[in-house]
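Student: Have a look at this one before I ask anything.
Each value in this text was obtained by applying a stated rule to the coordinates, not by laboratory testing. Values in this document were obtained by computation on a predicted structure and should not be read as measured data. Cβ atoms come from the backbone with ideal geometry, glycine included; neighbour counts cover every protein chain shown.
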Ligand SMILES: Cc1cc2nc3c(=O)[nH]c(=O)nc-3n(C[C@H](O)[C@H](O)[C@H](O)COP(=O)(O)OP(=O)(O)OC[C@H]3O[C@@H](n4cnc5c(N)ncnc54)[C@H](O)[C@@H]3O)c2cc1C
Ligand code: SF4
Ligand code: SF4
């Protein structure tokens, strides 16, 4: 049984790649941070490409110039206008813009100007994506310099040779005091300025093992020339592309390599690299070359360097961890606790790299994904607000307390009745509105619609693709018309005007909106939500005390015919990203919070919570059907208790333990909305929603995929970082594999954010994976601009 569950979990969720996202400083689109006057530009703002770096540097200066308080402080005299930390592409672009504007400034550079470019491998080809982009400012890329040497010469010519003179000094941190910023320099000394631009790139800190001997001179994080290690014993640590490429390159140049990785199988390498490694393991004399290393840390190519010498062997040491590095040896620990000591001349730690975050921590700049005490306090307060809101809105003790005391909104109908005769007549629109305005649900839905519309227009303005425009307008329309105007205004007004009193109208009214004394409009018009929200997301038209046959038929067609059909052609996102109200709020109000969704294997396993909720829904369904047939049976009692009856304790300490309060109110409402600004807007959609859980199963048979042009992918991880379903998109893209993780909600953030236009929506034959068609609705601005 457990084995079957494990296989099902793997088939549905746990088989997908689950890479995490690099932490970066939290930076607004104009480069500003939460430290007033401190801007961050270049690679650290997210996209590691030359053109974006240059553009962000120049734009940050333009933002500073447009700041009235900056201009005012200049008039008052005092320190220099600007310190630029980092003399790379973005820092130099900022310097050129500052000089053009006549600012007084200083550029600090820790090693040498353009050091990142200077350290590119010899004759490395340079790609200037996106081809149609013209960066702001004077630091342009002519495209003529298509190899490293030409690029460096061009950059120097545009800056150093035109009078930009960086000062060689390492900045340690930036602090604020008396309205100015102080830049502390390594070795002592401080520079004071009105504004600071930090342009220190990502090359920063390589990840550490934390073992003795790691600081020895023979430990490297980059491979420059594998010929240096001919006839040497080399340990390569890591399981990704950089480790494999290093191992192959060193072995091909005659080094004896041991590849140590802590897991039993390699993680995330490209299939090409795995193939090459396997060929060498099978036959060390096989002709294998790394002409174009995919890892920026393997700044070399092999094949040409063999010089006729013999290749060295590669030995795999999986499930081992480095215990100690000694001057002539290394000690590896195996999983069973045994250790092994190997002769060693050099160690390559290819275990990842972190952006230079300590600089930002010291300077008080927030880091994405890092929770400080203030973050926890804000989160707890917002959750408390959500508890209040949902108790008041969803019929809890607060609802009854407000109703008994005739507080808002229960007093609104009386107040409106005094406003004029038309408000008292339910057959007028004003009269219908007056009655609807007496329930908390009306205001909740109204606020929901306003959020979707206001933030929807902001999303359209921000993202500017035909796909986003069409998708957002559709979501807004569905939210406002069938999910608000219809149940709160149009249907009740029609009812008060006799539309459901006789003939076909009466039949329809009685079957869809039964008469009730609990609703001021006299019928259950709220059931109209079921026209859009399908079972088992919206369960209340199916789990009724007596079967509502028309709703049962509608729900059945929705859940078991229409939705599977849509998913077959367009994926789960055709519902989650284009129709559902939870998705509408997540894509609009949640648009700027999508990068907060956690990634990684633990969170991928949590995706299975939805399957548990789905299982409970089916249990409720079975007990409901048996309960209808045998109303006196145990099943009917069980259904009523599980649905919304069971509770423990009494009075103020009464705790509801049933589906309604735990799933509808706690998971979908309190946690779903409560996590919005801390863990992204799709927490409920990804982890809890039972309809999504069912759709994941349908999606496994879908034609929909995100297609990737492998050769365009620069493995920048932007696509993964913006995915608010936690999908490791890059892991498919850089291998050119169609993305088929069923969590995708077709939000298009990955496609829209990819700086090279690698991604696009389309359909494949699920068996052969051959592309059937690509979407015509353009979702990538790069693809659009490149035609
Ligand atoms: C191997 C490799 C290949 C690449 N190929 C391409 C390509 O083909 N096409 C493309 O578009 N992009 C490519 N890139 C990306 C491109 O190089 C970067 O986008 C660009 O260099 C980023 O510029 P930057 O100013 O943000 O940072 P960097 O260029 O890294 O400059 C940062 C500078 O800050 C200095 N610095 C760091 N810390 C401090 C400190 N505390 N105080 C003072 N100075 C400091 C560093 O010495 C460095 O000079 C490649 C990157 C690498 C590593
Ligand atoms: S597909 Fe992803 S990793 Fe590849 S270039 Fe685009 S955003 Fe970067
Ligand atoms: S479209 Fe891209 S970003 Fe959006 S859910 Fe799918 S994979 Fe994630």
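Student: Testing the spin-label approximation: label points 7 Å from Cα along Cα→Cβ at residue 74 and residue 647. State their distance in nm.
Tutor: With each label placed 7 Å out from Cα toward Cβ, I get 6.5 nm.
Student: Kindly give Rg over Rh for the range 371-423, based on alpha-carbon atoms, with the Kirkwood expression for the hydrodynamic radius.
Tutor: Details: Rg = 16.9 Å, Rh = 13.4 Å.
That ratio is 1.27, to two decimals.
Student: Then there is this: Can you compute the FRET efficiency between residue 5 and residue 216 using 1/(1 + (r/R0)^6), with r the Cβ-Cβ distance and R0 = 56 Å? Round to the nearest 0.05.
Tutor: 0.75
Student: Let me ask something else. When you have a sec, figure out the Kirkwood radius of the range 183-247 from all distinct Cα pair distances and drop it here in Å to one decimal?
Tutor: 15.7
Student: Give me the distance in nm between label points sitting 7 Å out from Cα along the Cα-to-Cβ direction at residue 407 and residue 30, one decimal.
Tutor: Placing both labels 7 Å beyond Cα along the Cβ direction yields 4.1 nm.
Student: Could I ask something else about it? State the extension gain, in nm to one decimal, for the chain segment bounded by residue 318 and residue 358, taking 0.36 nm per residue of separation less the distance between their alpha-carbons.
Tutor: Gain on extension, residue 318 to residue 358, equals 11.2 nm.
Student: What length, rounded to one decimal in nm, is gained on full extension from residue 497 through to residue 517, with 0.36 nm per residue of separation minus their alpha-carbon distance?
Tutor: Going from the current span to full extension adds 5.4 nm.
Student: Okay, which of the range 651-678 sit inside 15 Å, backbone N to the point 7 Å along the Cα-Cβ direction of residue 400?
Tutor: Only 651-657 pass the distance filter.
Student: Order of 54, 260 from fewest to most other C-beta atoms within 10 Å?
Tutor: On the way: 54 29, 260 25.
Ordered from fewest to most neighbouring Cβ atoms within 10 Å, 54, 260 come out as 260, 54.
Student: Once you place label points 7 Å from the Cα toward the Cβ at residue 592 and residue 506, how far apart are they in nm?
Tutor: 5.5
Student: May I ask for the Rg/Rh ratio of the range 323-437, computed from Cα atoms with Rh as the Kirkwood radius, given to two decimals?
Tutor: Using only Cα positions, Rg/Rh for the range 323-437 is 1.50.
Student: Working from Cα positions, state the angle (0 to 90°, nearest 10) between the long axis of helix 503-512 and the longest principal axis of the chain.
Tutor: 50
Student: Convex hull over the alpha-carbon atoms of the range 119-268: what's its volume per residue in Å³?
Tutor: Values: hull volume 31.8 nm³, N = 150.
Convex hull volume per residue, Cα atoms: 212 Å³.
Student: Follow-up question, since we're still on this one. Relative to the present Cα-Cα distance, how much length would full extension add between residue 178 and residue 711 at 0.36 nm per residue of separation?
Tutor: The span from residue 178 to residue 711 would gain 186.8 nm if fully extended.
Student: Given the DSSP H assignment, sum -39500 (n - 2.57) over each helix run of at least 4 residues in the chain and divide by its residue total; what's the result at 222 nm in deg cm²/dmol, nearest 500?
Tutor: Helix contribution divided over all residues of the chain: -10500 deg cm²/dmol.
Student: How big is D, in µm² s⁻¹, for the range 84-187 by Stokes-Einstein at 37 °C and 0.692 mPa s if Rh is the Kirkwood radius over C-alpha pairs?
Tutor: Stokes-Einstein gives a translational diffusion coefficient of 219 µm²/s.
Student: Among 684, 507, what is the fewest-to-most ranking by other Cβ atoms within 10 Å?
Tutor: Arranged by neighbour count, lowest to highest, 684, 507 become 507, 684.
Student: Which order do peptides 150-158, 243-251 fall in by mean Cβ count within 10 Å, highest first?
Tutor: Per-residue mean Cβ counts within 10 Å order the peptides as 243-251, 150-158.
Student: How big is the gap, in Å, between the Cα center of the range 57-74 and the Cα center of the range 473-493?
Tutor: With the range 57-74 and the range 473-493 each reduced to a Cα centre, they are spaced 45 Å.
Student: Right, another one. Based on alpha-carbon positions alone, could you give the equivalent ellipsoid semi-axes of the range 482-592 from the gyration tensor, as √(5λ), descending, whole Å?
Tutor: 28, 17, 12
Student: I want the antiparallel fraction of DSSP beta bridges within the chain, as a percent rounded to 5. Let's see the in-between values first.
Tutor: Numbers: 37 of 69 bridges.
Close to 55 percent.
Student: Let me ask another. Mind pulling the angle between the C-alpha long axis of helix 241-252 and the longest principal axis of the chain? Nearest 10 degrees, somewhere in 0 to 90.
Tutor: Orientation of helix 241-252: about 30 degrees from the principal axis.
Student: Could you calculate the FRET efficiency of residue 382 with residue 771 from 1/(1 + (r/R0)^6), where r is the beta carbon distance between them and R0 is 25 Å, rounded to 0.05?
Tutor: Values: r = 44 Å, r/R0 = 1.76.
Step by step, r from the Cβ atoms, then E = 0.05.
Student: Compute the distance from the alpha-carbon center of the range 108-167 to that of the range 684-727, in whole Å.
Tutor: Using only Cα atoms to place each centre, the spacing works out to 36 Å.
Student: What is the ratio of the Cα radius of gyration of the range 416-458 to 2.2 N^0.38 Å, with N the residue count, to two decimals?
Tutor: Relative to the 2.2 N^0.38 Å estimate, the range 416-458 comes out at 1.45.
Student: Another question, if that's okay. Equivalent-ellipsoid semi-axes (√(5λ), Cα gyration tensor) for the range 624-725, whole Å, largest first?
Tutor: Each semi-axis is the square root of five times an eigenvalue, giving 40, 22, 6 Å.
Student: Can you give me the C-alpha center-to-center distance between the range 728-750 and the range 321-336, rounded to a whole angstrom?
Tutor: A separation of 38 Å, based on Cα centres.
Student: Apply 1/(1 + (r/R0)^6) to the Cβ-Cβ distance of residue 458 and residue 185, taking R0 = 51 Å, and write down the FRET efficiency to the nearest 0.05.
Tutor: 0.80
Student: Relative to the longest principal Cα axis of the chain, at what angle does helix 609-629 sit, 0 to 90 degrees, rounded to 10?
Tutor: 20
Student: So, one more: On each of the three principal axes of the Cα atoms of the chain, give max minus min coordinate, whole Å, ordered largest first.
Tutor: The Cα atoms of the chain stretch 93, 72, 54 Å along their principal axes.
Student: May I pose another question? Show log10 I(q)/I(0) for the range 700-761 at q = 0.13, 0.15, 0.25, 0.27 Å⁻¹, two decimals, from a solvent-free Debye sum over equal Cα scatterers.
Tutor: Taken in order of the listed q values, log10 I(q)/I(0) reads -0.26, -0.35, -1.01, -1.20.
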